[in-house]
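Read the figures in this text as sums done on the coordinates, not as results from a lab. Model, not experiment: these values are computed from the prediction. Don't worry about glycine lacking a Cβ; one is built from the backbone with ideal geometry, like all the others, and counts go over all protein chains shown.
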Amino acid sequence: MWHDKKISVIFPTYNEKDSIRAAIEDFFSTGYVDEILVVNNNAAPGTDEEVGATRARLVYESRQGYGYAIWKGLAEATGDLLIISEPDGTFSGHDVIKLLAYSDDVPVVFGTRTQRELVWEGANMGFFLKWGNWAVGKMMEFLFNTTLLTDVGCSMRLLRRAAYEKVAPQFKVGGSAFGPHLMLLIILNRIPFVEIPVNYRKRVGESSVTGSKWRAFLLGIEMIAMILRYRLLSWFGWKPETTGER
């Protein structure tokens with residue numbers, strides 16, 4: 001609980017069998033997290049057994065894609081404050097406290113992994129990923145005239161339930177570009193937000209996206225195209241809920 005508000009954490013999982021139990025215990029150990037929902041998105045064999053040894057609740061999403069897993073987790077969560085993260089060892093449960101502190105001031109808190117002092121040795125945040133995420137964030141910040149944005153790829157973030165319920169009917173992207181899609185929906189709906197630095201550690205195992213520079217590059221191009229499309233359409237009076245994209 002945080003100021004009488006129930007806290008839910010959503011963990012999508014695909015290839016995190018070797019790290020998921022430790023991540024669950026890490027987040028529960030803060031003393032603030034009331035429930036953790038693990039969304040099995042066609043996860044590696046043995047993942048369910050690892051989750052079953054914890055207090056986390058397991059749900060399933062058969063549609064492949066990071067976005068679809070997050071949709072499912074958010075829909076199943078019962079908390080007043082909803083935290084999205086990943087169980088691959090990169091994020092620290094300690095940073096839950098930071099997100100919660102800022103949630104008193106704004107409905108949405110985005111994490112950023114671009115603070116050098118908080119990027120741990122061995123973390124996958126080299127020149128290409130760091131400055132790529134920074135450049136796309138600055139592009140979004142400039143085009144939509146928002147507050148500071150430095151990392152569109154950070155998947156640790158918090159939403160108050162009212163903010164989630166506002167944008168949920170507008171979810172359209174089920175793949176890896178869901179992160180910036182959610183950011184755009186927050187911006188287009190004029191929901192106040194702030195970005196704060198979080199710890200970023202070495203991943204346990206290999207990411208199916210950022211483990212390959214080529215896949216990461218293609219994802220970056222997809223993000224840029226989406227940002228430009230949403231900006232152009234919004235100039236002509238387009239609203240997020242009118243889109244038919246899937």
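Here the stretch 79-220 yields Rg over Rh of 0.93, to two decimals, using C-alpha coordinates and the Kirkwood radius.
In the chain, Cα pairs under 8 Å separated by at least six residues give a relative contact order of 23 percent. Residues considered: LEU218, LEU74, LEU99. Largest GNM mean-square fluctuation over the chain, using C-alpha springs under 10 Å, is found at LEU218.
Computed from label points 7 Å out along Cα-Cβ, the spacing between LYS138 and SER29 is 3.8 nm.
Hydrophobic, long helices, defined as DSSP H runs whose alpha-carbon span along the helix axis is 18 Å or greater and whose mean Kyte-Doolittle value is at least 0.5, occur in the chain at 127-144, 213-235.
Most simply put, the chain has about 30% antiparallel DSSP beta bridges, counting only bridges with both residues inside it. Working from Cα pairs under 8 Å separated by at least six residues, relative contact order for the stretch 67-171 is 41 percent. In the list [x] 48; [y] 16; [z] 23, the label attached to percent of Cα pairs over 31 Å apart as derived from the coordinates here is [y]. Inter-label distance, ALA53 to GLU241: 4.6 nm, where each label sits 7 Å from its Cα along the C-beta direction.
Relative contact order, percent, of the stretch 1-115 when contacts are C-alpha pairs under 8 Å separated by at least 6 residues? It would help to have the intermediate numbers written out before the result.
Details: 208 pairs, mean separation 40.8, N = 115.
About 35 percent, as a whole number.
At what distance in angstrom do the alpha carbon centres of the stretch 10-57 and the stretch 83-103 lie from each other? The stretch 10-57 and the stretch 83-103 have Cα centres spaced 14 Å from each other.
Relative to a virtual label point 7 Å from the Cα of VAL194 in the Cα→beta-carbon direction, which members of the stretch 105-148 show backbone nitrogen distances below 15 Å? The answer is 105-112, 147-148.
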